[in-house]
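A short worksheet on the structure shown next.
The values are calculated or read from the model by the stated rules, or taken from the named source; none is laboratory data. Just so you know, these numbers come straight off a predicted model, no measurement behind them. Cβ sites come from the backbone with ideal geometry, for glycine too, and all protein chains shown count toward neighbours. Protein only, heavy atoms only, side chains kept; ligands, DNA and RNA dropped before computing areas. Shrake-Rupley method; radii C 1.70, N 1.55, O 1.52, S 1.80 Å.
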Amino acid sequence: MNRTAISASLFAIACYTAPAFAHERAVEFPNTADGSIVLAADLHTHSVFSDGQVWPSIRVEEAHRDGLEVLAITEHLEHQPKKADIPHPDRNRSYQVAVESLVSQGYEGLLVINGAEVSRDQPHGHINAIFLNDANALLVSNPRAAMEAANKQGAFVFLNHPNWIPQAPDGIARLTDYHKDLIRDGLLHGVEVANGTLDGHSEHALQIALDNNLTVLGTSDIHGLVDWTHNAGHGGHRPMTLVLARDKSEASMKTALFEGRTVAWHNDDLMGKTEHVEAVVKACLTIEAGFYPGKTSVLPVTIRNACPVSFTLRNTSEETFQNVSDVFRVERGGEIELSVRTGEVMKTVELTFEILNTQVGYRKSLEIALSADPAPAPIAR
Ligand SMILES: [Zn+2]
Ligand SMILES: [Zn+2]
């Protein structure tokens, strides 16, 4: 190893710490500063009761393994390709089977909710309704009447994959006049900005959510196995919605969804309204300053990441770093030490960053400030 390589490897040891998560599937986010808990929810899934490949009990097992707090079972009402093998006259049956499995397995931390996907051609497209009492009531020919039936049950209703190529050939999410009427009439409450199965990511959908005050959602829309599709257990995770709720009850979860207190998590991207993405990021990233060694004005500062998502930061402060460039990553559950050139010895250091793997508007990332007070230097003997 030559000298450069040795110093490079020492540098790597000094700066990067291995992730702290022993269990890679863990989906645990700290509470936000206002005391909200962050619930991991997948609100769009399929089983063999529509066009999925597995029995509903597998959905429950996967959700438990992934550390989800909330799982919605949302079969296509109209699309029933397995009808000859699995006659499906009661469209609540998939949910019931999932709950039976939940109870028999004793997975107390997981909430399973009843839902359905009303799947039509445009202008309706595909729309999910969750927190249903009776999915059969949505089996009507007029799609608008299905939406009204869902809302009559107090359902939370959201537009699925609006950038899906068969319905949006240019890949750009748009609302139809039919959708605009649903929103105007209070019948449509959210929109997917990330979907794990059909054309995953839409910054246009995020802008639609912001413009129309819709709740931002990320879902798996899983049909096969989560492990095979998303490499769960090996660093991957299904797209999901982080719900910022008062507590773990179904009522709090539902309130948070109607209030739009969510962040979509897809790959390493966190997408949502500024205040909610900022609340989650600030709960994840903490800063601690060391002391100025000797006569230097270069301050060691550690940024820690308590979350299962890795962050890419771009330094926008006046201060620059002695050891890394302006763009760096803080791995999931990891930390990074920065040597900050503060110019003079400061009582408080405030650093500002753009968090590149967040989106809070159309092609717009979150900006945050982190500040810390340098520790007193130890007294020399
Ligand atoms: Zn769909
Ligand atoms: Zn679906």
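Of all residues in segment 347-355, at least one satisfies being at pLDDT 95 or above and closer than 26 Å to residue 192 by Cα.
For segment 344-376, how many residues meet the condition of being open to solvent by 60 Å² or more (accessible area, probe 1.4 Å) and either more than 15 Å from residue 315 (Cβ to Cβ) or touching a residue at least 60 places away in the same chain (Cβ under 8 Å) (or both)?
So the first thing to find is which residues in segment 344-376 are open to solvent by 60 Å² or more (accessible area, probe 1.4 Å), and the list is 344-348, 350, 356, 362-364, 367, 371, 373, 376.
Among the residues that remain, those that are also either more than 15 Å from residue 315 (Cβ to Cβ) or touching a residue at least 60 places away in the same chain (Cβ under 8 Å) (or both) are: 344-348, 362-364, 371, 373, 376.
Total meeting the criteria: 11.
Report yes if residue 198 is in contact (Cβ under 8 Å) with a residue 24 or more places away in the chain, surrounded by fewer than 24 Cβ atoms within 10 Å (Cβ to Cβ), closer than 26 Å to residue 363 by Cβ and within 16 Å of ligand 2 (Cβ to nearest atom), otherwise no. Explain how you work it out, then say what you get.
On the way: in contact (Cβ under 8 Å) with a residue 24 or more places away in the chain: yes; surrounded by fewer than 24 Cβ atoms within 10 Å (Cβ to Cβ): yes; closer than 26 Å to residue 363 by Cβ: yes; within 16 Å of ligand 2 (Cβ to nearest atom): yes.
Considered against the rule, which asks whether it is in contact (Cβ under 8 Å) with a residue 24 or more places away in the chain, surrounded by fewer than 24 Cβ atoms within 10 Å (Cβ to Cβ), closer than 26 Å to residue 363 by Cβ and within 16 Å of ligand 2 (Cβ to nearest atom), residue 198 comes out as yes.
Which one of 282, 295 is among the charged types (D, E, K, R) and modelled with pLDDT of 95 or more?
Numbers: 295 fails: modelled with pLDDT of 95 or more.
Testing whether each residue is among the charged types (D, E, K, R) and modelled with pLDDT of 95 or more leaves just 282.
The set of residues in segment 144-164 being more than 15 Å from ligand 2 (Cβ to nearest atom) and outside any helix (DSSP H, G or I) consists of 153, 154, 155, 156. Scan segment 28-48 for residues that are crowded, with 24+ Cβ neighbours inside 10 Å and in a loop (DSSP other than H, G, I, E, B) and the total you get is 4.
May I ask you to list the residues in segment 350-380 that are part of a loop (DSSP other than H, G, I, E, B) and either small (Gly, Ala, Ser) or touching a Gly at 6+ places or on another chain (Cβ under 9 Å) (or both)?
360, 365, 374, 375, 377, 380, listed by residue number.
Look at residue 93 and say whether it is surrounded by fewer than 24 Cβ atoms within 10 Å (Cβ to Cβ) and assigned by TED's automatic domain parsing to the domain that holds residue 137. Judged against the criteria, residue 93 is a match. Within segment 205-227, can one find any residue that is within 16 Å of ligand 1 (Cβ to nearest atom) and surrounded by fewer than 17 Cβ atoms within 10 Å (Cβ to Cβ)? Taking every residue of segment 205-227 in turn, at least one turns out to be within 16 Å of ligand 1 (Cβ to nearest atom) and surrounded by fewer than 17 Cβ atoms within 10 Å (Cβ to Cβ).
Reported count of residues in segment 165-195, each being out of contact with any Leu (no Cβ under 6 Å at 6 or more places or on another chain) and either open to solvent by less than 30 Å² (accessible area, probe 1.4 Å) or assigned to a loop (DSSP other than H, G, I, E, B) (or both), is 19. From 248, 295, grab the single residue that is open to solvent by 20 Å² or more (accessible area, probe 1.4 Å), closer than 14 Å to residue 41 by Cβ and part of a loop (DSSP other than H, G, I, E, B). Going through 248, 295 in turn, just one is open to solvent by 20 Å² or more (accessible area, probe 1.4 Å), closer than 14 Å to residue 41 by Cβ and part of a loop (DSSP other than H, G, I, E, B): 248.
Looking for something assigned by TED's automatic domain parsing to the domain that holds residue 72, assigned to a loop (DSSP other than H, G, I, E, B), modelled with pLDDT under 95 and farther than 22 Å from residue 275 by Cα - is there at least one such residue anywhere in segment 199-208? Yes: segment 199-208 contains one or more residues that are assigned by TED's automatic domain parsing to the domain that holds residue 72, assigned to a loop (DSSP other than H, G, I, E, B), modelled with pLDDT under 95 and farther than 22 Å from residue 275 by Cα. Annotation note: Cβ proximity below 8 Å between a residue of segment 47-60 that is within 17 Å of residue 104 (Cβ to Cβ) and a residue that is among the aromatic types (Phe, Trp, Tyr) and within 13 Å of ligand 2 (Cβ to nearest atom) (sequence gap 6+ or interchain) occurs for 56/49. Checked against the criterion of being among the basic types (Lys, Arg) and out of contact with any strand residue (DSSP E or B) (no Cβ under 8 Å at 6 or more places or on another chain), the candidates 273, 295 yield just one match: 295.
Residues that are more than 16 Å from ligand 1 (Cβ to nearest atom), modelled with pLDDT under 95, farther than 20 Å from residue 161 by Cβ and surrounded by fewer than 18 Cβ atoms within 10 Å (Cβ to Cβ) do occur in segment 67-81, at least one of them.
Which pairs turn up if I take residues in segment 123-137 that are under 20 Å from residue 173 (Cα atoms) and more than 15 Å from ligand 2 (Cβ to nearest atom) and look for partners that are open to solvent by less than 10 Å² (accessible area, probe 1.4 Å) and modelled with pLDDT of 95 or more with beta carbon separation below 9 Å, at least 6 apart in sequence or on another chain? Final answer for the pair search is 123/179.
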